[in-house]
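As structure tokens, the structure follows; a few thoughts come after it.
The values are calculated or read from the model by the stated rules, or taken from the named source; none is laboratory data. Values in this document were obtained by computation on a predicted structure and should not be read as measured data. Backbone-built Cβ (ideal geometry, glycine too); neighbour counts: all protein chains shown.
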Amino acid sequence: MTWSCLRSLRFRCLTSKVGVFILLLCVTGICVFWRAETPSYQPPREERHCACDRCLRENGTLFLQRFDKFDEPFLSANHNLSEEAFNWWSRLRSNNPTFSSYIEVVKKIFQKFPKTPELEPPSPDRCRTCALVGNSANLNGSHYGPLIDFQDFVIRINNAPMKGYEKDVGTRTTHHVMYPESSVNLDDTTHLLLFAFKMRDLVWITKYINSGIRRGRTFNTDLMSIVNPAFIKFVHQVWLKKKGYYPSTGFLALILTLHLCDEVHLFGFGADSEGQWRHYWEELRNKLFKTGVHAGNVEFAMIKELSQNQIIKYYGGY
Ligand code: C5P
């Protein structure tokens, strides 16, 4: 083979490689354009779960597998807690209360508080958007305030302040998640989502309801829902695969929010670079705390998975 023959062969090889490269480039370009231009598939209206662009129930099996297993997140007068779930719950923080004492307290609560919490089923005519606001320092300087306030429901957790942080955390609250030790006064229109981690928390409620005296905290008892202890067990076992001692209030609130909303926007979740659950309003008090008894890394991995599967929208701060 002559030298010029070799050169022309090399040249042809090179041009064919360039050709293939250009072809691949075109195909990629077309695909990207196609994805951007083509609206994602939406089922017909009557088959839809809500009126949002994306309803979280329409997004993937990850959510459905876990979601469909629990349909009574709140206590009601006629709920039945299995003894097994009671035993799990009562070991969390209580001093070995008996099952019968639990039944007695719950009966007392619902004598004065007969309301069955309303969990309005999703409807193709409505889009309930929710902002769940955790307490992470990643909110500082985020300017998320208006975006948080823009959602239909704004759900806050524990004793987090808004005053002085409005730009980053917003000003509205429609629902407040708390337990007795983390409680704050609520205005008359805010829904209280009460987490009872122990018997004393349920007894705490009976005091408010029985006496009618608003000692201690103020909140509208007509707008109170008490989270079912079995729900806490469910989240621990099904969502977190039993990692951590029990789920954090924030993670429980997130799964609860998936039950209440059609579209979930999640703010204020995430540890700092040292793995600490630092609050947006205060200096770190205990460097050994990290994420406490909760499996912070597992919870955060689940948040990322939910976000990657477009089930929730996660905002990680700036
Ligand atoms: O600290 P606190 O329990 O009041 O915060 C509410 C929730 O916000 C936590 O239970 C946790 O799920 C979440 N959080 C977080 N990252 C932080 C602080 C709190 O994910 N840095």
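Side notes on the structure shown:
- Residue in the range 165-187 that is under 21 Å from Ile255 (Cβ atoms), more than 16 Å from the ligand (Cβ to nearest atom) and either touching a residue at least 40 places away in the same chain (Cβ under 8 Å) or of a type in the set (Lys, Arg) (or both) present: no
- Phe251 being touching an Asp or Glu at 6+ places or on another chain (Cβ under 7 Å) and either away from the ligand (no atom under 16 Å from the Cβ) or at pLDDT 95 or above (or both): yes
- Selected residue [touching a Gly at 6+ places or on another chain (Cβ under 9 Å) and among the hydroxyl-bearing types (Ser, Thr, Tyr)] from Ser273, Ser248: Ser248
- For the range 280-296, the candidate set comprises residues that are out of contact with any helix residue (DSSP H, G or I) (no Cβ under 6 Å at 6 or more places or on another chain) and touching a residue at least 24 places away in the same chain (Cβ under 8 Å); within that set, the residue that is surrounded by the fewest Cβ atoms within 10 Å (Cβ to Cβ) is Val293.
- Residues in the range 122-136 that are in a loop (DSSP other than H, G, I, E, B) and within 14 Å of the ligand (Cβ to nearest atom) were compared, and the one that is farthest from Arg278 (Cα to Cα) is Gly134.
- Considered as a group, the residues in the range 254-279 that are among the small types (Gly, Ala, Ser) and touching a Phe, Trp or Tyr at 6+ places or on another chain (Cβ under 8 Å) include one that is surrounded by the most Cβ atoms within 10 Å (Cβ to Cβ), and that residue is Gly268.
- Of all the numbered requirements in (1) at pLDDT 95 or above; (2) away from the ligand (no atom under 16 Å from the Cβ); (3) among the aromatic types (Phe, Trp, Tyr), Trp204 misses one, and that requirement is (1).
- Any hit, the range 88-101, residues being surrounded by 14 or more Cβ atoms within 10 Å (Cβ to Cβ), within 16 Å of the ligand (Cβ to nearest atom), at pLDDT 95 or above and aromatic (Phe, Trp, Tyr): no
- Checked against the criteria, Ile312 counts as more than 13 Å from the ligand (Cβ to nearest atom), crowded, with 22+ Cβ neighbours inside 10 Å and under 14 Å from the mean Cα position of the chain (by Cα).
- Just one residue in the set Leu147, Leu139, Leu119 is farther than 17 Å from Phe74 by Cα, touching a residue at least 24 places away in the same chain (Cβ under 8 Å), more than 16 Å from the ligand (Cβ to nearest atom) and hydrophobic (A, V, I, L, M, F, W, C); that residue is Leu147.
- For the range 163-184, filtering for residues that are touching a His at 6+ places or on another chain (Cβ under 8 Å) and either closer than 18 Å to Gly317 by Cα or surrounded by fewer than 18 Cβ atoms within 10 Å (Cβ to Cβ) (or both) leaves 4.
- Odd one out for Tyr245 among (1) away from the ligand (no atom under 14 Å from the Cβ); (2) surrounded by fewer than 21 Cβ atoms within 10 Å (Cβ to Cβ): (1)
- Extreme residue, farthest from His191 (Cα to Cα), among residues of the range 141-154 that are surrounded by 17 or more Cβ atoms within 10 Å (Cβ to Cβ) and out of contact with any Cys (no Cβ under 6 Å at 6 or more places or on another chain): Ser142
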